[in-house]
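Every number here is computed from the coordinates shown, using simple stated rules; none is lab data. Quick caveat, the model's predicted, so the values are computed rather than measured. Virtual Cβ from ideal backbone geometry, glycine too; neighbours counted across all protein chains shown.
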Amino acid sequence: MRRLLGCLMVATLLAGLGIAGRSFAGEMPYPTRQITYLVVFDPGGQSDVEARRQQPLLEKALGQKVIVTYKPGGGGALGWADMVRGRPDGYVITGINLPQISILPLLQDVGFRTEQILPVTLFHRTPMLMVVRKDSPFKTVPEFIEAAKKNPGKIKMAATGTNGLGHVAAMRIRKLAGITTEYVPFTGNAPLMTALLGGHVDVAITVSSDAVAYQDRAIPLGIASEQRVDILRDVPTLKEQGIDFSEASYRGVAVPVGTPEPIVRKLEKVFLDDVCKNPVYVETQKKGGYEPVAMGVEEAKALIAKGSAMYQGVFAEMGILKK
């Protein structure tokens, strides 16, 4: 009788505190209110497009409103710095880009460290590739290399940014090919491709989605992937053409380190099961020139750690690693 009364008293106390049986067993009652999806780039960009595509899928799976907001600036650094300073409660999820979250803190103080970011999922990748105009004299990577060797420093190779993903990719390709070229930086992929098509640069280092978007006016010479990709099946890899180089940009979602494990796992499951496996969402990504992936926490963390170590070595060799 005393044991029964004791159990009833504990149950009454838990009920009074608003603690459900499932949360007492280790599953937190999450979410109980709306969630903010923070995009760290300007509205209208691809990161925004992906957040908007995911929004209704997340709302259906989580049973709460998901509000998309923006914090652009510093190549994503302002938003990621905000994220790591935020409350680790799962009510703000933030879009992340790889390897940008690894690159930025290696070059300067940007208000966050890569290890402060806990990836929940990575949902697609865009391999890097070399693109030329349709009227370019280069039809293959070996033809481009031969021309660059005959005209050292004359060919203009362009990408986005300075010391960012595109710039580093261009420098690594140049080194592996044993050539010298002029590097021309641009603020984004749109002005980069405009300059290429207008004849202001000779070769653009960009991503696979651009090859799809501009396929009527540009030709991809080679893709920086270990093997050919479905979205550009006829495009040979750089490795096939003598340059052993592979690189891609990934998009995903993260929360601050310290977010409770049950919340992280719930978000991970929702993204993997209800977003990444949604057939309409997957097909939409493919049509846009993206490779769908479905990486959970552990796989994403391992990829980030590998990339951070690799870029630390690359930047040290280039002499631009932050002291």
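On full extension of the chain, what length is gained from T36 through K150, given 0.36 nm per residue of separation minus the C-alpha to C-alpha distance?
Working it through step by step, the gained length comes to 35.6 nm.
Points 7 angstrom from Cα along the Cβ direction at A302 and D244: gap in nanometres?
2.2 nm
I'd like the FRET efficiency for Q312 and N278, computed as 1/(1 + (r/R0)^6) with the beta carbon distance as r and R0 of 41 Å, rounded to 0.05.
About 0.70, to the nearest 0.05.
Can you list the DSSP H helices in the chain whose Cα atoms extend at least 24 Å along the helix axis and whose mean Kyte-Doolittle hydropathy is 0.0 or higher?
What comes out of the filter, once short or polar helices are dropped, is 297-318.
Of P29, P105, P88, which has the largest mean-square fluctuation in a 10 Å C-alpha GNM of the chain?
Result: P29 has the largest fluctuation of those listed.
Students often get this wrong, so check it: of K65/K322; K154/K286; K277/K306; K239/K301, which have C-alpha atoms separated by over 32 Å?
From K65/K322; K154/K286; K277/K306; K239/K301, over 32 Å: K65/K322; K154/K286.
For the chain, give me the percentage of DSSP beta bridges that are antiparallel, rounded to the nearest 5 percent.
Percentage antiparallel, nearest 5: 60.
Counting Lys +1, Arg +1, Asp -1, Glu -1, what net charge surrounds R228 among other residues with beta carbon under 13 Å of its beta carbon?
-3
Among [x] 19.1; [y] 18.2; [z] 16.6, find the value of mean projected area of the Cα convex hull in nm² that was calculated from the structure presented, and write down its label.
Matching the structure shown: [x].
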